[in-house]
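Data first, discussion second: the structure below is written as structure tokens.
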Amino acid sequence: FGASNTIFYNLVWNPISQPFQTGANPIRIQIATNDDNATWNFIGPNGTGNSYYTASDTQISSSHNNGRYLRYKVILRTEDHDFTPRLEDITINFHSSCIPDGQSYFSNLVQDTYTVTFEKSGYQTFTDTAVIVNENWEDYRVTLQP
């Protein structure tokens, strides 16, 4: 994430809903951050090792702020072994001084043409089409006019 001024916002995962047969909190997540890429103390939203993120779109503990490296641990559990919780993706929203404001990352895009709209208060809205030809990497830059 960079070595300076990283602020973590929230942890989001999909799918949000799970089969009710899996029971309460079938997905539990903990996060660890550090600056040495060696010391991993996994904690939950209250900043301790005995708490877990159990709801998608939960604010990340501020104790992770300014961490350079991040790992997460996922625990899946079920009360009925005929039903399994499912986790498709995890998003960690953050800001870092080494990433300019307004930068976005989209994953799992396939080769196709997409309509993109960029909006920011005080600037003209910009809409265009973006053609994805390489599923591994594309760079699309826009400069908004005041």
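The values are calculated or read from the model by the stated rules, or taken from the named source; none is laboratory data. Bear in mind that the values here come from a model prediction, so they are computed numbers and not experimental data. Positions of Cβ are generated from backbone atoms using ideal geometry, with glycine treated the same way; all protein chains shown enter the neighbour counts. These area figures cover heavy atoms from the full protein model, side chains too; ligands, DNA and RNA do not enter into them. Shrake-Rupley method; radii C 1.70, N 1.55, O 1.52, S 1.80 Å.
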- Task: Work out, in µm²/s and without decimals, the Stokes-Einstein translational diffusion coefficient of the chain at 37 °C, 0.692 mPa s, Rh from Kirkwood over C-alpha pairs.
- Result: 183 µm²/s
- Note on the structure: With x for Gly and Pro, the residue-by-residue ³J(HN,Hα) of the range 52-69, computed from phi through the Karplus equation 6.51 cos²θ - 1.76 cosθ + 1.60 at θ = phi - 60° and given in whole Hz, is 9, 6, 10, 10, 4, 6, 9, 5, 7, 3, 5, 5, 7, 4, 6, x, 7, 10
- Item | For the chain, accessible area per residue (1.4 Å probe, heavy atoms of protein chains only), Å² | 69 Å²
- Message: Give me the one-decimal nm value for the distance between modelled label points at R86 and N46, 7 Å along each residue's Cα-to-Cβ direction.
- Response: 3.2 nm
- Spin-label model distance (nm) - N10 vs T125, 7 Å beyond Cα toward Cβ: 2.3 nm
- Task: Could you look at the chain and say what percent of its accessible area is carbon and sulfur, using a 1.4 Å probe and all protein chains?
- Result: 46 percent
- Message: Can you compute the modelled spin-label distance between A38 and N93, with each label point 7 Å from Cα toward Cβ, in nm?
- Response: 3.5 nm
- Multiply the residue gap between D57 and R71 by 0.36 nm, knock off their C-alpha separation, and tell me the result in nm, one decimal place. 3.3 nm
- Note on the structure: Given 35-42, 85-92, the highest-first ranking by average Cβ count within 10 Å works out to 85-92, 35-42
- Going by a ≥ b ≥ c, the root eigenvalues of the Cα gyration tensor, does the range 35-115 fall in the rounded group (a/c under 1.5), the prolate group (a/b larger than b/c) or the oblate group? oblate
